Amino acid sequence: MSELVVRRLLIDLETPLPRHWCAGDPFRTAFFNALSMSFPVGEQFFIDSVRNGLKALPSELQDQYKAEVQGFIGQEATHRRVHGLFNKHLEKQGLVNDWAPRAEKNMQLLAGTNPRHALAITAANEHFTAILAEWMLRNHDMLDGCEPRLKTMWLWHCAEESEHKNTAFDVYTALGGSHEWRIKWFRRITFVFLADTLRQTVNNLYHDGTLWQWRTWKSAAGFLFGQRGLVRQTFKPWRDYLRIDFHPNQQASDLSSRWLASNTSAYTPVAAAA
Ligand SMILES: [Fe+2]
Ligand SMILES: [Fe+2]
């Protein structure tokens, strides 16, 4: 069981953002903007799934997981709020969020189903965010040159994603969720997550007017497939999830705690939300 601290991020999210806030790079900016657009809706779904999963546990197990689930909810609720403020700037810049309404529609299909389904979907998404977070924390220098307050926002979110990566998986297991369904949903979510990320990134580039520029796709190739590229470095940890004996803790590292320890001026710890 992990102890999860909820932290209030101390950054300015009111001053307008430069259009290409990620080191003047349209592709990387569009990619991170796309991810952020999915967070308020996605993270609300994760909160609801884990909360409903906890309620469905026998009372002795509820006691065991209650504090961790509260911490998880508090962290995800803070992420939603912060990314909601960030996303308002994107809207003002003329970007159009098509991902969130599509995700909301898909989520409605799960209404009334066994809570294990939503939890397996959450655990799969949390694996994605955890490996992405680990990659960003390891390659944080790749965010040098980005708007400093936004570099802090992304690395704070990454540190907490890495910190709470066990929660949905553990509640799913405690509820008796099977390996078979865990993998079924993981394969489906892999397809949906990659397709949605690509669609929204292209959509952002289109509205930005940089979709057909050579530098955009040159940057994409390096960012995704270069020596330290996202696809290249996350494929193995992605595949690990398929193993029957997989647990998110097997991929633990100290990058998250190290970032949190050396950036204490960026946040204030607050009490976990219920
Ligand atoms: Fe989050
Ligand atoms: Fe998360």
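The values are calculated or read from the model by the stated rules, or taken from the named source; none is laboratory data. No experiment lies behind these values; they were computed from the predicted model shown. In this analysis, Cβ positions are derived from the backbone assuming ideal geometry, glycine residues included, and neighbour counts consider all displayed protein chains. To get the accessible areas, we keep the full protein, side chains included, count just its heavy atoms, and leave off ligands, DNA and RNA. Shrake-Rupley method; radii C 1.70, N 1.55, O 1.52, S 1.80 Å.
Tabulated data for the structure shown
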quantity: Derived scalar couplings ³J(HN,Hα) [the stretch 23-31; Karplus, 6.51 cos²θ - 1.76 cosθ + 1.60; whole Hz; x for Gly, Pro]; calculated: 6, x, 9, x, 5, 4, 4, 5, 5
quantity: Unit Cα scatterers, Debye sum, the stretch 122-167: log10 I(q)/I(0) for q = 0.19, 0.20, 0.22 Å⁻¹; calculated: -0.55, -0.60, -0.69
quantity: Value of relative contact order over the chain, rounded to a whole percent, pairs C-alpha under 8 Å and six or more apart; calculated: 35
quantity: Heavy-atom surface of the stretch 180-243, accessible at 1.4 Å and reported per residue (Å²); calculated: 62
quantity: CD proxy at 222 nm, helix term only [per DSSP H run n ≥ 4: -39500 (n - 2.57); per residue of the chain; nearest 500]; calculated: -22500 deg cm²/dmol
quantity: Dipole of the stretch 128-274, positive direction: furthest Cα of ALA159, TRP185, SER257, with charges on the beta-carbon; calculated: TRP185
quantity: Whole-Å semi-axes of the ellipsoid equivalent to the stretch 162-217 (Cα gyration tensor, √5λ, descending); calculated: 36, 13, 8
quantity: Amide H contacts under 5 Å for ARG7, placed H, 5+ residues apart; calculated: VAL270
quantity: Column: log10 I(q)/I(0), Debye, Cα scatterers of the stretch 146-274, q = 0.17, 0.23 Å⁻¹; calculated: -1.24, -1.40
quantity: Alpha-carbon Rg/Rh ratio, for the chain, with Rh computed the Kirkwood way; calculated: 0.95
quantity: Fraction of accessible area attributable to carbon and sulfur, the chain (%, probe 1.4 Å); calculated: 58
quantity: In the chain, lysine pairs with alpha-carbon atoms under 29 angstrom apart (chain gap of 8 or more, or interchain); calculated: 22
quantity: Rg(Cα)/(2.2 N^0.38 Å) for the stretch 65-195, N = residue count; calculated: 1.15
